[in-house]
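Beneath this line is the structure, given in structure tokens, with notes to follow.
The values are calculated or read from the model by the stated rules, or taken from the named source; none is laboratory data. Computed from a predicted structure; not experimentally measured. Here the Cβ is made from the backbone with ideal geometry for all residues, glycine too, and neighbour counts use every protein chain on show.
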Amino acid sequence: MVPDLSFQEEMLRILLAAGLGAAVGIERELREHQAGVRTHMLVAVGSALFTLVSAYGFGEFFAQGTPFVPVDPTRIAAQIVTGIGFLGAGAIIRQGPNIRGLTTAATLWAVAAIGLSAGAGYYAGAIATTIVVIIALWPLRILTRRLLGREYE
């Protein structure tokens, strides 16, 4: 039996994913990177929706008395992780000896995980990860520049 989820709970999960993804995207936007607020927000929301569909979207199928079919809600989550790799790869650009976009690709990957967590109802993990990502992008960048005397993406 697949448990039901109220419309309000679904909206909370999707809106939380949108807000957390946007928070990471704002930092990228302030640093004038191509993948900004909208991109990070969409990745988080899409991941949350895929998670919701995976866990709760097949209730009607089983309610019709269909013979036992093994269901594995983690299969879609695994595909989110794989699929986001392709999106991140598109953000990576080689310019001569320099490689740009690695941090942006990593933030897209992290935001997909944040959206997946929010969609699964793991709010504490989604919020804590967002905080860690923002710290890694902003204050840690400044600290690294001061300690090492050069700036990394």
(message) Condition first: surrounded by fewer than 20 Cβ atoms within 10 Å (Cβ to Cβ) and not in a loop (DSSP other than H, G, I, E, B). Now tell me which residues in the range 32-41 satisfy that.
(response) Val37, Arg38
(message) Just to verify a result, which residue in the range 130-153, among those that are farther than 23 Å from Gly90 by Cβ and touching a Ser or Thr at 6+ places or on another chain (Cβ under 9 Å), is modelled with the lowest pLDDT?
(response) Glu151
(request) Starting from the range 8-26, keep only residues that are closer than 24 Å to Leu137 by Cβ, then list their pairs with residues that are assigned to a helix (DSSP H, G or I) and basic (Lys, Arg) whose Cβ atoms are within a distance under 8 Å, requiring at least 6 positions of separation or different chains. (result) Gly25/Arg38
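A quick yes/no check of all residues on (1) out of contact with any Phe, Trp or Tyr (no Cβ under 7 Å at 6 or more places or on another chain); (2) modelled with pLDDT of 85 or more:
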| position | (1), (2) |
| --- | --- |
| Leu12 | yes, yes |
| Val37 | yes, yes |
| Val43 | yes, yes |
| Gly88 | no, no |
| Asn98 | yes, no |
| Leu102 | yes, yes |
(message) List the residue pairs whose Cβ atoms are under 8 Å apart, where the first residue sits in the range 75-94 and is closer than 11 Å to Trp109 by Cβ, the second is surrounded by 12 or more Cβ atoms within 10 Å (Cβ to Cβ) and modelled with pLDDT under 80, and the two are 6 or more positions apart or on different chains.
(response) Ala91/Gln34
(request) Grab the helices (runs of 4 or more DSSP H) fully contained in the range 79-153, keeping just those with 2 or more residues being touching a helix residue (DSSP H, G or I) at 6+ places or on another chain (Cβ under 7 Å). (result) 102-120, 123-137
(request) Take the range 71-123 and flag every residue that is aliphatic (A, V, I, L, M), farther than 18 Å from Phe50 by Cβ and under 13 Å from the mean Cα position of the chain (by Cα). (result) Ala105, Ala106
